[in-house]
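Asks: Before we start, here is the structure in question, set down as structure tokens.
Readers should treat all values here as calculations from the given coordinates under stated rules, not as data from a laboratory. All values reported here derive from a predicted model rather than from experimental measurement. Don't worry about glycine lacking a Cβ; one is built from the backbone with ideal geometry, like all the others, and counts go over all protein chains shown.
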Amino acid sequence: DLQGSFELHNGVQMPYFGLGVYLSKDGSEVINAVKEALNHGYRHIDTASVYDNEEGVGQGIRESNVDRNDMFLVSKVWNTDQGYDSTLRAFDASLERLGTDYLDLYLVHWPKGEISKETWKALEKLYKEKRVRAIGVSNFLQHHLEDLLTSAEIVPMVNQMEFHPYLVQQDLIDFCNSKGIQYEAWSPLMQGNIFDLDIMKDLASKYNKTIAQIVLRWDLQKGVVTIPKSSKKERIIANSDLFDFELSEDDVQLLDGLDRGKRFGPDPDNFDF
Ligand code: NAD
């Protein structure tokens, strides 16, 4: 169901479906999106300091009918804050803006060479101090993970990556699974481009569901956490209506087969900081 979860390697339950708020403007837009989502049954909100809307996310949480302890709140340390001390300061600043005293998951937003090992040490400290229930990374390809693991004490619990039918990266998923790292999708709707694909239109009519519901259901059947973004109430509600049908194994493979290594976001190996 909508409040179901996958278990992280430290035993924490991570709701497998959540709301993304990238480009949801701070103020009424993000406040309402978060509030509507939580009141409708979402239990997982994905923000980041660079989204510049943590204050609104915090307010939406407080205005909702859901207790802070019954939801899974995620934020990320931005590239310019990487390093040990600066990450600790960035974490405190995120908590302050969100108006909470812990996070459920804190992620390194992008790999940034050697300094990310210092960033990771800071996340390990925050985790050991129980100021965050789980720690992870985002946009880490296999070689970034292997490099991090040479010095990490704690294996990341999550890797949040661009993931949709045009960018599956099954080898990376398999590698993460082999290390107990939960895979998570960003831009699961291909930033809106999924709606143009004829094959998605065909599947939507076959199952009598929307295109968004088909692709988000595929994420969950592949064991991938998903966080579609919308700030429109009707879409927030409709996007979560995935629990009354199942894609056949053939259709899962049909979507897998659309993979063409195409990114809509930046390439982690060529990201301009
Ligand atoms: P997305 O794939 O979720 O697509 C969002 C777009 O689809 C928006 O334009 C929205 O208006 C539209 N949309 C949503 N539901 C719709 C529907 N039912 N019908 C028609 N259009 C619909 O894109 P995203 O926001 O890039 O990704 C989701 C979340 O992932 C973000 O909000 C953010 O939280 C996270 N993210 C993380 C990173 C990272 O580097 N870690 C990068 C990008 C996004």
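Asks: Taking the stated definitions as given, is GLY4 surrounded by fewer than 18 Cβ atoms within 10 Å (Cβ to Cβ), of a type in the set (Gly, Ala, Ser) and either more than 12 Å from the ligand (Cβ to nearest atom) or under 23 Å from ALA122 (Cα atoms) (or both)? Even if it seems obvious, please write down each step before you answer.
Replies: On the way: surrounded by fewer than 18 Cβ atoms within 10 Å (Cβ to Cβ): yes; of a type in the set (Gly, Ala, Ser): yes; either more than 12 Å from the ligand (Cβ to nearest atom) or under 23 Å from ALA122 (Cα atoms) (or both): yes.
Spelling it out, GLY4 is indeed surrounded by fewer than 18 Cβ atoms within 10 Å (Cβ to Cβ), of a type in the set (Gly, Ala, Ser) and either more than 12 Å from the ligand (Cβ to nearest atom) or under 23 Å from ALA122 (Cα atoms) (or both).
Asks: Here's a follow-up. Answer with yes or no whether LEU167 is farther than 14 Å from GLY223 by Cβ and either within 10 Å of the ligand (Cβ to nearest atom) or hydrophobic (A, V, I, L, M, F, W, C) (or both).
Replies: Values: farther than 14 Å from GLY223 by Cβ: yes; either within 10 Å of the ligand (Cβ to nearest atom) or hydrophobic (A, V, I, L, M, F, W, C) (or both): yes.
So LEU167 fits the description; yes.
Asks: May I ask you to list pairs of residues, at least six apart or on different chains, whose Cβ atoms are under 8 Å apart, with the first in region 156-174 being farther than 26 Å from LYS121 by Cβ and in contact (Cβ under 8 Å) with a residue 24 or more places away in the chain and the second being part of a strand (DSSP E or B) and charged (D, E, K, R)?
Replies: PHE163/GLU184
Asks: Scanning region 98-120 for residues that are touching a Ser or Thr at 6+ places or on another chain (Cβ under 8 Å) and charged (D, E, K, R), which turns out nearest to the ligand (Cβ to nearest atom)?
Replies: Ranking the qualifying residues of region 98-120, first place goes to LYS112.
Asks: Where in region 172-257 are the helices (runs of 4 or more DSSP H), entirely inside, with at least 1 residues that are within 8 Å of the ligand (Cβ to nearest atom) and within 27 Å of ALA48 (Cβ to Cβ)?
Replies: 211-221, 233-239
Asks: If I ask for residues that are away from the ligand (no atom under 14 Å from the Cβ) and either of a type outside the set (Ser, Thr, Tyr) or touching a Ser or Thr at 6+ places or on another chain (Cβ under 9 Å) (or both), which ones from region 17-31 would you list? Lay out the reasoning, then the answer.
Replies: Taking region 17-31 as the starting set, the residues that turn out to be away from the ligand (no atom under 14 Å from the Cβ) are 27-28, 31.
Selection gives GLY27, ILE31.
Asks: Taking only region 116-134 into account, find how many residues are assigned to a helix (DSSP H, G or I), under 26 Å from ASN69 (Cα atoms) and in contact with a strand residue (DSSP E or B) (Cβ under 9 Å, 6 or more places away or on another chain).
Replies: The qualifying residues number 6.
Asks: Any residue in region 260-272 that is under 13 Å from MET190 (Cβ atoms) sitting within a Cβ distance under 7 Å of a residue that is more than 9 Å from the ligand (Cβ to nearest atom) and assigned to a loop (DSSP other than H, G, I, E, B)? List the pairs, counting only those 6 or more apart or interchain.
Replies: ARG260/TYR166; LYS262/TYR166
Asks: How about region 50-59: which of its residues are over 14 Å from the mean Cα position of the chain (by Cα), more than 12 Å from THR100 (Cβ to Cβ) and either buried (at least 24 other Cβ atoms within 10 Å of the Cβ) or within 12 Å of the ligand (Cβ to nearest atom) (or both)? Working first, answer last.
Replies: At the first step, the residues of region 50-59 found to be over 14 Å from the mean Cα position of the chain (by Cα) are 50, 52-59.
From what is left, the residues that are more than 12 Å from THR100 (Cβ to Cβ) are 50, 52-53, 56.
Within region 50-59, VAL50, ASN53, GLY56 meet the criteria.
Asks: Name the residues in region 190-217 that are crowded, with 19+ Cβ neighbours inside 10 Å and touching a His at 6+ places or on another chain (Cβ under 9 Å), would you?
Replies: Scanning region 190-217 gives MET190, ILE194, VAL215.
Asks: Could you go through region 23-44 and let me know if any residue there is crowded, with 17+ Cβ neighbours inside 10 Å, under 15 Å from the mean Cα position of the chain (by Cα), of a type in the set (Gly, Ala, Ser) and not in a loop (DSSP other than H, G, I, E, B).
Replies: There is no residue in region 23-44 that is crowded, with 17+ Cβ neighbours inside 10 Å, under 15 Å from the mean Cα position of the chain (by Cα), of a type in the set (Gly, Ala, Ser) and not in a loop (DSSP other than H, G, I, E, B).
Asks: Among the residues of region 91-115, which ones are in a helix (DSSP H, G or I), surrounded by fewer than 22 Cβ atoms within 10 Å (Cβ to Cβ) and of a type in the set (A, V, I, L, M, F, W, C)?
Replies: Scanning region 91-115 gives ALA93, LEU95, ILE115.
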